[in-house]
1. Please give the helix 5-31 orientation as an angle from the longest Cα principal axis of the chain, in degrees from 0 to 90, rounded to the nearest 10.
2. Multiplying the sequence separation of R249 and E144 by 0.36 nm and subtracting their Cα-Cα distance, what value in nm do you get?
3. What distance in nm separates the two pseudo spin-label positions at D168 and V37, each 7 Å out from Cα along the beta-carbon direction?
4. Could you look at the stretch 237-287 and say what percent of its accessible area is carbon and sulfur, using a 1.4 Å probe and all protein chains?
5. Which distance in Å, rounded to a whole number, links the C-alpha centroids of the stretch 68-128 and the stretch 319-387?
6. Once the whole set of protein chains is in place, how much accessible area is left on Y93, using a 1.4 Å probe, in Å² to the nearest 10?
7. Quick one: if you stick a label point 7 Å off each Cα along the C-beta vector at V258 and W99, how many nm between them?
8. At 1.4 Å probe size, with every protein chain present, just tell me what the per residue accessible area of the stretch 97-165 comes to in Å².
Amino acid sequence: MGFPNGRRRIAVAVAALLGTVAVATTVYRVLAPAEVVTPARAGYPPAVSPSAGVIGRLPVAPLVVDGRLRVYAAHRQVYADRPVDGRHRTTPYWSYRRWPAALDGVVASGTTVVTRWSDGRLVALDARTGRVAWRADGPAPAGERMVRRTGAATVWDPRGLLVARASDGRQAVVAAGAERMSAVDLADGRELWQSHVTVTVPPGDTVAGCRDALGTTASGHLIIVDSCAGPAVVEFRDTATGAVGLRWRPPAAGDELVATPVGCGTGRTGCTGLRTARPGDDAGRGWLLGAGEPVAAPALDRPDAELVGGTAVAVVDGVAVGRSARTGAELWRRPDLPQARLLAVQPDRVHLLTETNDLVTLDPATGAQRSFFALNVGSDGIGWAPGAAYAAGGFVAVERLRKPVDPTADDQRYYLTSEPLVFAAT
């Protein structure tokens, strides 16, 4: 016996409907926007003071947070491991994932890690627990850029994302997009101000992304290159209020202008100097930033010069030299060191990389040597070329690239090994 035809058709229809509902539910669960927070299950690790030398190698670029954690970026995830001086990447201490948005940038201040996503969303995490501290809306990032598998661009050089200490002591998170710029309070994500950066020009066309946020000054101002309504100018905008203060053009500047902040902390914060040049021109001019207009600092004219405290450091004819950034007077030189290039700086350290990939760390005020060792891990050797580099909290991380370097190669050919970053304490 079987079902009558009518009942059979009803049963088939019900089964089809249930199948459709099941498929729809599955599709929704897979495709619906989602957020996954995996908080820390152990205590916050203590700060460490490792001995100078190579610590280990890592597959992805670390951002040192609070001297206790390493934070990493993946395509749709930010996560941390511990201890900060671990030889290898370990099981995540905490993790935060969003979908379908992609991670665009990461910055940190104290125990707060701020993430920016492709939809413009800002999500702040408590580094001690991995839990969400606040969420805020911001402008979507301007355009796309290539980020290789180490994620170095995301954590070491986030575009249009800055943390700045304002003149009133508050810290603000500034996010810049193609059409607007906004700032929120680091403490709670409350919006402080926003500014549109699209300008209408005859005959009705628009110029989008004509204000580039480059960094922040030690006095609590944003450094912006504004080319919206004529020749480019450097604009200094109050971080807490968004009010425009000084608008300045270097003498004899052309219509276009390239400006590079120097003397900055991690994430281009607290910058004390600036170098300006015409596009494609290596001959620049250095400036010191203060309360008024920038002051000329010829010791910073060289495109490879760095500013550490009051010292302008450069490698001149293969010799590391430190000069007073204000007067240009030579403070020290180190002709006894091997041929080297300036790799990175941090507030109390200057890092040089020799031709044989030794890392030399000097005191920026005196030129005295703090440490000297080979950046060699296991049997990897020293036959590599340096890529992106990062220095903070006494640590240095460097990407190791395969020789000859081919910028167009895929990641497997581009990097030396599957763990291309060497991580060291100085």
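1. 10
2. Working: separation 105, 0.36 × 105 = 37.80 nm, distance 2.93 nm.
Contour length minus Cα-Cα distance gives 34.9 nm.
3. 2.8
4. Working: 1150 of 2330 Å².
That fraction is 49 percent.
5. Rounded to whole Å, the Cα centres lie 30 Å apart.
6. Near enough 10 Å² of accessible area.
7. Reported label-point gap for V258 and W99 is 4.2 nm.
8. On the way: 2650 Å² over 69 residues.
Normalised by residue count, the accessible surface of the stretch 97-165 is 38 Å².
The values are calculated or read from the model by the stated rules, or taken from the named source; none is laboratory data. Everything numeric here is computed off the predicted structure, so don't read it as measured data. Cβ coordinates were reconstructed from backbone atoms using ideal geometry, including for glycine residues, and neighbour counts include every protein chain displayed. Surface areas here come from the heavy atoms of the whole protein model, side chains and all, with no ligands, DNA or RNA. Shrake-Rupley method; radii C 1.70, N 1.55, O 1.52, S 1.80 Å.
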